[in-house]
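We did not get these values from a lab; they are worked out from the coordinates using the rules stated. All values derive from a computational prediction rather than experimental measurement. So basically every Cβ, Gly included, is an ideal-geometry build from the backbone, and we count neighbours across all protein chains shown.
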Amino acid sequence: SPWVWLNEDYCPADQARVSVFDRGFLFADGVYEVTAVVNGKLLDFHAHMQRLQRSCQALELALPWAVETLQQIHETLVARNKVQEGSVYLQLTRGNPGKRDFHYPDASVPPTLVVFTQSHNILQDARVESGLSVVTCPDIRWQRCDVKTVSLLAASMAKMAAQAQGADDAVFVKDGLITEASSANCFMVTPGGKLVTRALSPAILPGITRAAILDICQQHQLEIETRAFSPQEACGAREVFITSATTFVMPVTRLDGNPIGDGRPGPVAISLRNAYLARFGAGLQC
Ligand code: PLP
């Protein structure tokens with residue numbers, strides 16, 4: 001059984017137990033982070049921890065662990081579980097008050113911290129060659145999508161709806177405009193060659209990969225427009241791609257059945273993917 005972290009200590013996964021009264025279980029009262037691992041190294045760890053602190057602040061959730069401690073937990077689990085490639089999942093909930101009560105418990109109830117690893121191939125992904133087929137789906141999520149909470153049912157429903165339509169993933173649409181994908185941020189390259197992504201707001205998660213891509217663009221003096229765009233505009237785009245910690249930059253080649261551009265992954269998506277991976281010395285993939 002692999003090792004996990006639960007509250008105060010490492011523990012074999014098959015012995016890790018959380019209370020039925022845990023607020024993560026009863027109220028989805030918790031936040032999480034997923035950090036990618038490549039060649040046994042965590043990618044953008046500090047940015048993920050900064051966002052975790054932000055999520056905690058937004059929910060008045062205590063985080064009684066220093067970032068250095070969290071890093072040590074991550075690195076120890078990666079080493080003990082021999083993760084070369086995959087991810088580390090961290091979840092923090094408002095703990096177990098021993099009863100079901102909507103009100104937050106007082107500060108004497110400690111939060112629950114769970115950290116576990118998953119080994120899976122993230123560099124070699126056949127979907128990079130084909131590009132994803134995505135479908136639009138109404139954005140039925142709450143109005144604080146900028147907070148990375150474990151309340152993921154709407155995302156799960158969107159992925160199931162996509163699967164039922166034979167698609168790989170879903171992008172959410174709100175007021176006629178794409179917010180983001182079910183678990184990734186969304187970009188397009190206009191027919192004029194301009195890179196566009198939605199501006200940060202409570203409507204989307206401030207993606208760590210999104211920020212890294214913006215940073216790469218700035219370094220290369222590539223202009224980027226931060227504005228919302230519609231599915232119709234995306235259908236007429238040269239390229240569409242999505243970004244997330246474990247998929248990096250993933251080309252989208254079909255939107256609601258319409259081919260994007262020539263229906264193949266575009267050069268901007270591929271070069272940004274390679275530039276992103278090169279930051280970690282992960283080597284070129286395409
Ligand atoms: N948007 C949503 C809704 C997500 O769940 C995620 C993460 O999985 C992202 C965007 C991408 O964020 P990141 O690049 O930090 O993984």
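Is the shape of the chain best called rounded, prolate or oblate, per the rule: a/c under 1.5 gives rounded, else a/b larger than b/c gives prolate, else oblate, with a ≥ b ≥ c the square roots of the Cα gyration tensor eigenvalues?
Taking the square roots of the gyration eigenvalues as a ≥ b ≥ c, the chain is prolate.
Using DSSP, restrict attention to beta bridges with both residues in the chain and report what percent are antiparallel, rounded to the nearest 5. For the chain, the DSSP antiparallel bridge percentage is about 80. Taking each DSSP H run with n ≥ 4 as -39500 (n - 2.57) and averaging over every residue of the chain yields -8000 deg cm²/dmol at 222 nm. Amide H contacts under 5 Å for Ser230: Ile178, restricted to partners 5 or more places along the chain or on a different chain, H placed in the peptide plane at 1.01 Å from N. Distances between placed amide hydrogens fall under 5 Å for Val173 paired with Cys137, Asp139, Thr179, all partners being 5 or more residues away or on another chain. Here the extension length gained between Glu60 and Glu75 equals 2.7 nm, from 0.36 nm per residue of separation less the Cα-Cα distance. Cross-link reach is defined here as a Cα-Cα straight distance under 22 Å, omitting same-chain residues fewer than 8 places apart; for Lys159 the lysines meeting it are Lys148, Lys174. Between the amide H of Ala245 and those of Thr209, distances stay under 5 Å, these residues lying 5 or more places away or on another chain, with hydrogens modeled in the peptide plane.
Work out how much length His46 to Arg227 would gain on full extension: take 0.36 nm times their residue separation and subtract the Cα-Cα distance, in nm to one decimal.
Computed gain between His46 and Arg227 is 62.5 nm.
Relative contact order of the range 151-273, taken over Cα pairs closer than 8 Å and 6 or more residues apart, is 22 percent.
In loop segments of the range 95-129 as defined by DSSP, the trypsin sites (Lys or Arg not before Pro) with at most 13 further C-beta atoms inside 10 Å of their C-beta are Lys99, Arg100. What the phi angles of the range 121-130 give under the Karplus curve with 6.51, -1.76 and 1.60, with θ = phi - 60°, is a coupling list of 6, 10, 6, 8, 9, 4, 5, 5, 6, 8 Hz, glycine and proline written as x.
Between Asn39 and Asp101, what length comes free when the chain is fully extended (0.36 nm per residue of separation minus the Cα-Cα distance, one decimal in nm)?
Extending this stretch completely gives an extra 17.9 nm.
Between Phe27 and His220, the simple label model (points 7 Å from Cα in the Cβ direction) yields a spacing of 4.5 nm.
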